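Read through the structure below, which is laid out as C-alpha cells, and then see the notes.
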Amino acid sequence: DGGITQSPKYLFRKEGQNVTLSCEQNLNHDAMYWYRQDPGQGLRLIYYSQIVNDFQKGDIAEGYSVSREKKESFPLTVTSAQKNPTAFYLCASSIGWARHEQFFGPGTRLTVL
Amino acid sequence: GESVGLHLPTLSVQEGDNSIINCAYSNSASDYFIWYKQESGKGPQFIIDIRSNMDKRQGQRVTVLLNKTVKHLSLQIAATQPGDSAVYFCAEVGGAQKLVFGQGTRLTINP
C-alpha cells in the first residue's frame, strides 16, 4: 500500500533534549511538509521541501530543523531551542508544490516532561 | 496577513440531516481550496477541493461551494452519519503558494 508513515506515534522527551521525528512516503511525491497542531487549533507550517535536497522555513521554523537527503524521507528534529515543543506533529506530501492535494501521515504526539 | 477562519467552532446536527460548514478566507488572490476531515488523534484526510474557476463541486455526499465575491467557502454534507463526526478544516493556497489552514469546526452527530 502507498502512503505516509510517521514514527513513533507517541514520544516523550525531557527538557533540553533534541528529538527526531520520522516521516517516510512511498507515493513518489516531490513535495513534503511538516506541520504542528496544538489542541483546538489548525495546522501551522514548520518546514517544507519542494524537492529532494532542498527545504524552506515555514511560518514557525524556530527551534526545528529538517533534512531531505532522500525523496521518500523528511525527518524533523525538535531541538532544545524550541520553547514549547509539546504538540501533535503532522507530516504531509504532495505530487507537486502547493496546488496539489496534500496527503497526511497519522501524526506523532510529542510530550515534553 | 493571510488568514482562513471559520464562522462556527462547533456544529451539532441530527443523524440524517444535512450539515453545512462555513469558512471565510481573506486573500482574494487565492485560487485553490481544500476541505479536510480530521478524526481524533489522526492526520487530516482529504475530502474535496475546488479551484477558483468553479463555484460548485460535488463529491460523494459532499458539495463544496465557493463564493469569490464575499470570499466564502462552504462544505455541505448530505444525510450525516455518525462517522462524519470529526473536525473539518478548510485550507487555501495563498499568495505565498503555501496551504493556509483555518482553525477548524467540530461536527458532532446526534443520534
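The values are calculated or read from the model by the stated rules, or taken from the named source; none is laboratory data. Please read all numbers here as calculations on a predicted model, not as lab measurements. Counting neighbours? That spans all protein chains shown, and the Cβs are built from the backbone with ideal geometry, glycine included. Each accessible area value is taken on the protein alone, full model and side chains, heavy atoms only, with ligands, DNA and RNA left out. Shrake-Rupley method; radii C 1.70, N 1.55, O 1.52, S 1.80 Å.
Brief remarks on what is shown
- Test: residue in the range A:65-78 that is surrounded by 15 or more Cβ atoms within 10 Å (Cβ to Cβ) and out of contact with any strand residue (DSSP E or B) (no Cβ under 6 Å at 6 or more places or on another chain): yes
- Count of residues meeting criterion [within 27 Å of B:LYS37 (Cα to Cα) and in a loop (DSSP other than H, G, I, E, B)] in the range A:56-70: 4
- Number of the exception - A:GLY96 against (1) crowded, with 17+ Cβ neighbours inside 10 Å; (2) within 14 Å of chain B (Cβ to nearest Cβ): (1)
- Taking the range B:37-111 as the region of interest, the strands (runs of 3 or more DSSP E) fully inside it that hold 1 or more residues being open to solvent by less than 20 Å² (accessible area, probe 1.4 Å) and among the acidic types (Asp, Glu) are B:86-93.
- Enumeration of residues in the range A:52-85 that are touching a residue at least 24 places away in the same chain (Cβ under 8 Å), within 14 Å of chain B (Cβ to nearest Cβ) and of a type in the set (A, V, I, L, M, F, W, C): A:ILE60
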